[in-house]
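Read through the structure below, which is laid out as structure tokens, and then see the notes.
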Amino acid sequence: AQSVSQHNHHVILSEAASLELGCNYSYGGTVNLFWYVQYPGQHLQLLLKYFSGDPLVKGIKGFEAEFIKSKFSFNLRKPSVQWSDTAEYFCAVNARYGGSQGNLIFGKGTKLSVKP
Amino acid sequence: NAGVTQTPKFQVLKTGQSMTLQCAQDMNHEYMSWYRQDPGMGLRLIHYSVGAGITDQGEVPNGYNVSRSTTEDFPLRLLSAAPSQTSVYFCASSPGVPEQYFGPGTRLTVT
């Protein structure tokens, strides 16, 4: 069965520190990859997505992610975090089977706390 | 566009009660789904629908029913609420499965 692993449950950083959140998935075929963010008390919002093409994807609010197919990874990065980035971040994978698409599989999430 | 709307925002039920969580979207999306979010578990798919009249089970369907009589609405029914169903429920819609738009969620407590 497909799965998504987010290795860090809770990350605490000071403002201006660099961020990298790990995401690995288990599926050998073609995938679509996503990072969603959930600010406290709010619903999930799409940060960025990868369907094909350039493996370095830029999203909103200065976030980017790199798809490394050989490592089955899609890590999220930001060079300098802000207090307003405090949120929970979810990696999600959608596997494509012979042209049709399966459902989104979510990781368990990583809570990011940014200290002012 | 209102996007994906969910009602109610909060609900408290007693064990054994039934209720329906409402979800509607005005984007004419064919695909709709229900997730539950529990601490440390991420989001888990309960049921989904690829179009009016078509529904299927996700990862955790037990205790929940769905139907899809129109493109816009996708209600989730709890037949006999249990404390294990205490969770935050999110509805999502998509023009195609890859990218999903989420509603604001319903926080359900079962006592």
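The values are calculated or read from the model by the stated rules, or taken from the named source; none is laboratory data. None of the values given here were measured: they were computed from a predicted structure. All Cβ positions, even for glycine, are placed from backbone atoms using ideal geometry, and neighbour counts span all protein chains on display. Keep in mind that these areas ignore ligands, DNA and RNA; they rest on the heavy atoms of the full protein, side chains included. Shrake-Rupley method; radii C 1.70, N 1.55, O 1.52, S 1.80 Å.
A:A95 meets all of the listed conditions (1) modelled with pLDDT under 90; (2) within 24 Å of B:P39 (Cβ to Cβ); (3) among the aliphatic types (A, V, I, L, M) but one, namely (2). State whether one or more residues within segment B:43-52 are exposed (fewer than 15 other Cβ atoms within 10 Å of the Cβ), in contact with a strand residue (DSSP E or B) (Cβ under 7 Å, 6 or more places away or on another chain) and in a strand (DSSP E or B). Within segment B:43-52, none of the residues are exposed (fewer than 15 other Cβ atoms within 10 Å of the Cβ), in contact with a strand residue (DSSP E or B) (Cβ under 7 Å, 6 or more places away or on another chain) and in a strand (DSSP E or B). Would you pick out the residues in segment B:22-36 that are under 11 Å from the mean Cα position of the chain (by Cα), within 14 Å of chain A (Cβ to nearest Cβ) and either not small (G, A, S) or not in a strand (DSSP E or B) (or both)? Residues satisfying the conditions are B:C23, B:M32, B:W34, B:Y35, B:R36.
For first residues located in segment A:82-94 and of a type in the set (G, A, S), partners that are not in a strand (DSSP E or B) and lie 6+ apart or on another chain with Cβ distances below 8 Å form the pairs A:A87/A:Y39; A:A87/A:P40; A:A92/A:G107.
Taking segment B:51-61 as the range and being farther than 26 Å from A:H10 by Cα and at the interface with another protein chain (Cβ under 10 Å from one of its Cβ atoms) as the test, the residues that pass are B:D56, B:G58.
Consider B:D38 carefully, then state whether it is closer than 27 Å to A:Q2 by Cα, in contact (Cβ under 8 Å) with a residue 24 or more places away in the chain and in contact with a strand residue (DSSP E or B) (Cβ under 8 Å, 6 or more places away or on another chain). In short, yes. Looking only at residues of segment A:72-81 that are in a strand (DSSP E or B) and open to solvent by 20 Å² or more (accessible area, probe 1.4 Å), we find that the one that is farthest from A:G109 (Cα to Cα) is A:R77. Just for segment B:87-111: of the residues that are in contact with a Leu (Cβ under 6 Å, 6 or more places away or on another chain) and over 18 Å from A:L104 (Cβ atoms), which one is nearest to the other protein chains (Cβ to nearest Cβ)? Here the residue is B:T106. Within segment A:49-63, at least one residue is more than 11 Å from every other protein chain (Cβ to nearest Cβ) and within 10 Å of the chain's Cα centre (by Cα). Is it true that B:S67 is over 14 Å from B:F10 (Cβ atoms), touching a Phe, Trp or Tyr at 6+ places or on another chain (Cβ under 9 Å) and within 11 Å of another protein chain (Cβ to nearest Cβ)? No: the conditions fail for B:S67. At least 1 residues being of a type in the set (V, I, T) and open to solvent by less than 30 Å² (accessible area, probe 1.4 Å) is the threshold, and among the strands (runs of 3 or more DSSP E) wholly inside segment A:1-71 those reaching it are A:10-14, A:31-38, A:56-58. Sort out which residues of segment B:4-21 are more than 15 Å from the chain's Cα centre (by Cα) and not in a strand (DSSP E or B), and write them in order of number. Passing the criteria: B:K14, B:T15, B:G16, B:Q17. The residues in segment B:63-87 that are surrounded by fewer than 17 Cβ atoms within 10 Å (Cβ to Cβ) and either at pLDDT below 95 or among the β-branched types (V, I, T) (or both) can be counted, and the count is 3.
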